[in-house]
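These notes concern the structure reproduced below.
The values are calculated or read from the model by the stated rules, or taken from the named source; none is laboratory data. Model, not experiment: these values are computed from the prediction. Backbone-built Cβ (ideal geometry, glycine too); neighbour counts: all protein chains shown. SASA here: full protein model, heavy atoms, side chains in, ligands and nucleic acids out. Shrake-Rupley method; radii C 1.70, N 1.55, O 1.52, S 1.80 Å.
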Amino acid sequence: MEEFSLLISYMQKHDMKNYHIYGMGAALVDTEIEVDDAFLLANGVDKGLMTLVDVDRRNQLMDSLKGHLVHARRASGGSGANTIIAARYFGSDVFYSCRVANDEYGDFYLQDMSHAGVDTCDQDENNEGITGKCLVMVTPDAERSMNTYLGISETLSARELDVEAIKASEYLYIEGYLVSSDVSRAATIKAKKIAEENGVKTSLSLSDPGIVTFFREGMEEMIGEGVDLLFCNEDEAMAWAMTDDIDIAISALRSIAKTFVITRGARGALVFDGTQELHIPAKKVKAVDSNGAGDMFAGAFLHGLTAGYGFQKAGELACAAAAEVVSGYGPRLAAEKHKVILQQVICPE
Ligand SMILES: Nc1ncnc2c1ncn2[C@@H]1O[C@H](COP(=O)(O)OP(=O)(O)O)[C@@H](O)[C@H]1O
Ligand SMILES: O=C(O)C(=O)C[C@H](O)[C@H](O)COP(=O)(O)O
């Protein structure tokens with residue numbers, strides 16, 4: 001009894017809140033622009049991938065993009081943030097660790113997160129620099145090619161971890177892109193250790209095939225002894241297994257993840273629930289922009305699991321939500337839309 005009241009007073013003192021998901025990722029402000037394949041070719045942009053760029057290259061591309069149709073001039077993004085916001089809009093309680101600069105874009109970013117109901121870590125007062133930015137170029141085949149200037153986002157470090165919030169979460173979700181920065185990678189490893197020691201499930205997204213290939217050692221370090229849940233698309237799975245045979249990739253994933261999801265674009269997703277493989281079909285839609293489809297899938301899926309719907313229903317919810325994302329521009333859906341999808345998938349009439 002005494003222990004119980006001590007716990008209550010500790011929780012009151014620390015104003016502890018439980019979270020369904022604690023996310024970590026790069027804070028990027030997105031600009032989304034429509035282009036054609038000739039533009040990508042003429043400007044040396046790698047199609048379908050995320051490429052890291054410096055300020056000069058970004059400015060040069062921005063100049064070349066003048067006159068193109070802009071779908072979003074300023075939207076808070078970053079893969080992990082898209083996932084966490086999606087989970088929030090479905091009803092999960094979420095926390096996000098990220099780093100922005102003391103500039104207009106940084107203020108915008110934090111306001112946007114707070115407006116969405118996402119709790120974020122305190123920002124270091126020493127935050128001179130430039131908030132990260134991502135140029136998302138969308139071609140008529142709905143493919144997105146990204147050029148990212150990480151700015152201060154790549155200095156996300158263990159300082160931005162809220163240890164009590166990690167301990168009070170059901171899942172830790174790590175964006176694989178963080179592998180490219182030494183301090184951020186170290187922070188993810190620390191967060192994962194805290195999670196493992198405190199019975200918090202760990203999840204990770206492989207993010208991008210190029211990232212998996214170029215930062216292989218770092219990715220191995222991040223994965224360590226394995227994770228509870230892994231998200232990837234087919235290209236990332238095969239890049240991880242260094243094969244072009246998806247069956248070999250599936251076997252390879254089994255040795256690093258207790259459960260996993262391989263998204264397959266218009267063919268839906270393969271979900272491994274720890275025992276069996278579930279094949280979840282995609283919803284038939286006209287795709288215009290695939291940006292954020294995987295991010296939305298992960299957010300909806302994590303929400304589905306933490307809400308107790310199980311792997312099959314979580315997969316159905318995720319496919320339904322991701323299909324909505326690809327049928328419009330931008331990686332996000334309006335807040336109200338999530339409730340409609342939830343109703344349609346979880347409690348149809
Ligand atoms: N053309 C499409 N039609 C319907 N759903 C799609 C389409 N493309 C993607 N999706 C949905 O989005 C999910 C993630 O897409 P995918 O392209 O595999 O990931 P990523 O965007 O990470 O590359 C898929 O599992 C599917 O549910
Ligand atoms: O938003 C940003 O600025 C990003 O750099 C991250 C991208 O949105 C996602 O990585 C794209 O997500 P998928 O298309 O689901 O793979």
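Measuring between their Cα centroids, region 139-176 and region 96-118 lie 13 Å from each other. In region 305-349, one over the average inverse separation of all distinct C-alpha pairs is 11.0 Å, which is the Kirkwood hydrodynamic radius.
With the alpha-carbon atoms as the only input, what is the per residue convex hull volume for region 173-226 in Å³?
On the way: hull volume 3.3 nm³, N = 54.
Per-residue hull volume (Cα only) is 62 Å³.
Counting heavy atoms of the protein chains only and a 1.4 Å probe, report the per residue accessible area for the chain as a whole number of Å². Before the final figure, lay out the partial values.
Values: 15520 Å² over 349 residues.
For the chain, the solvent-accessible area averages 44 Å² per residue.
Using only C-alpha atoms and all pairs of different ones, pull out the Kirkwood radius for region 282-324 in Å with one decimal. Don't skip to the end; give the middle numbers.
Details: mean 1/r = 0.0973 Å⁻¹.
Computed over Cα pairs of region 282-324, the Kirkwood hydrodynamic radius comes out at 10.3 Å.
Dividing the convex hull volume of the Cα atoms of region 64-199 by its residue count, what figure in Å³ per residue is obtained? Could the numbers behind the result be given before it?
Values: hull volume 17.9 nm³, N = 136.
Hull volume normalised by residue count: 132 Å³.
Would you mind working out the magnitude of the charge dipole of the chain relative to its Cα centre, with +1 at each Lys and Arg C-beta and -1 at each Asp and Glu C-beta, to the nearest 20 Debye?
Working: 31 positive and 53 negative charges, 149 e Å.
With only Lys, Arg, Asp and Glu charged at Cβ, the dipole is about 720 debye.
The three principal axes of the C-alpha atoms in region 26-130 carry coordinate ranges of 44, 34, 22 Å, sorted with the longest axis first.
Surface composition of region 202-349: carbon plus sulfur atoms hold 54% of the accessible area, using a 1.4 angstrom probe and ignoring ligands, DNA and RNA. Distance between the C-alpha centres of region 246-298 and region 304-320: 13 Å, rounded to the whole angstrom. Picking from Y177, S97, T263, whose Cα lies most toward the positive end of the charge dipole for region 18-346 (charges on Cβ: Lys, Arg +1; Asp, Glu -1)? So the residue furthest toward the plus end is T263. With Rh defined as the Kirkwood radius, the inverse of the mean 1/r over Cα pairs, the Rg/Rh of the chain is 0.96. Each Lys and Arg Cβ is given +1 and each Asp and Glu Cβ -1; about its Cα centre, region 179-231 then shows a dipole of about 140 debye.
How large is log10 of I(q)/I(0) for region 168-286 at q = 0.13, 0.14, 0.16, 0.19 Å⁻¹ when the intensity is taken from the Debye formula with one equal scatterer per alpha-carbon? Debye curve over Cα of region 168-286, log10 I(q)/I(0) at q = 0.13, 0.14, 0.16, 0.19 Å⁻¹: -0.50, -0.57, -0.74, -1.01. At q = 0.29 Å⁻¹, work out log10 I(q)/I(0) for region 77-120 with the Debye formula, treating every Cα as an identical point scatterer and leaving solvent out; two decimals please. Calculated log10 I(q)/I(0) at the listed q: -1.09.
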